[in-house]
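To keep things clear, I will list the structure first and then write my remarks on it.
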Amino acid sequence: MRLLQTTLVIGLVAVAVGGCGQDRKQLADACTEGPETILSALATAPADVALADGTLLSQCVSGASNNAQIQEVGIVFTAAADKLAREATGSDAAALRLGFLIGAARSGASKANGVQTELVRRLEQTVGVDGPAPDRLGAYSRGLRAGVDRG
């Protein structure tokens, strides 16, 4: 009888654990295709920005449900942010897109379990300690607001 109870408990635990992962949304492949995919999508900022499959940038961040996925999204988003940050010193469009990317990441992280906030922190570092250049601050701020709202 004891063996039967133990077997049932182990079986129930296995079913419960196995079923947990099935309810999670899968991370869209487009989220990790590469920084050029993200940069191409950002071309429409400050209007709605979505990847080719319709996934919002914030959904990439909130949908990354394990450390490996967060790292994959982080590599792609950070590379895109680094490129935009270099360009933003001389371009309002790049500053706006960088702001949008960071705003969208903030929005996604706010809907996730908290681990994604480290990704947001890293993206924010691309702007620099003092923030964007004064002559790019307006464009960056518009992008940031739009990213939070529509990213």
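Brief remarks follow.
- Among the conditions (1) of a type outside the set (A, V, I, L, M); (2) in a helix (DSSP H, G or I); (3) surrounded by 16 or more Cβ atoms within 10 Å (Cβ to Cβ), residue 46 misses just one, which is (2).
- Residue ID - surrounded by the fewest Cβ atoms within 10 Å (Cβ to Cβ), chosen from residues in region 87-117 that are within 16 Å of residue 59 (Cα to Cα) and of a type in the set (D, E, K, R): 111
- Restricting 95, 139 to those that are out of contact with any strand residue (DSSP E or B) (no Cβ under 6 Å at 6 or more places or on another chain), within 17 Å of residue 150 (Cβ to Cβ) and small (Gly, Ala, Ser) reduces the list to 139.
- In region 117-132, the count of residues that are over 20 Å from residue 69 (Cα atoms), in contact (Cβ under 8 Å) with a residue 24 or more places away in the chain, among the small types (Gly, Ala, Ser) and not in a helix (DSSP H, G or I) is one or more.
- Residue match in region 131-143 (condition: buried (at least 18 other Cβ atoms within 10 Å of the Cβ), at pLDDT 95 or above, within 24 Å of residue 72 (Cα to Cα) and of a type outside the set (Val, Ile, Thr)): yes
- Candidates 58, 40, 65 - the one that is out of contact with any Pro (no Cβ under 7 Å at 6 or more places or on another chain), over 14 Å from residue 146 (Cα atoms) and part of a helix (DSSP H, G or I): 40
- So residue 64, is it at pLDDT 95 or above and either crowded, with 17+ Cβ neighbours inside 10 Å or within 13 Å of the chain's Cα centre (by Cα) (or both): no
The values are calculated or read from the model by the stated rules, or taken from the named source; none is laboratory data. What you see is a predicted model; the values in this text were computed from it and never measured. Every residue, glycine as well, gets a Cβ built from its backbone with ideal geometry; the counts of neighbours run over all protein chains shown.
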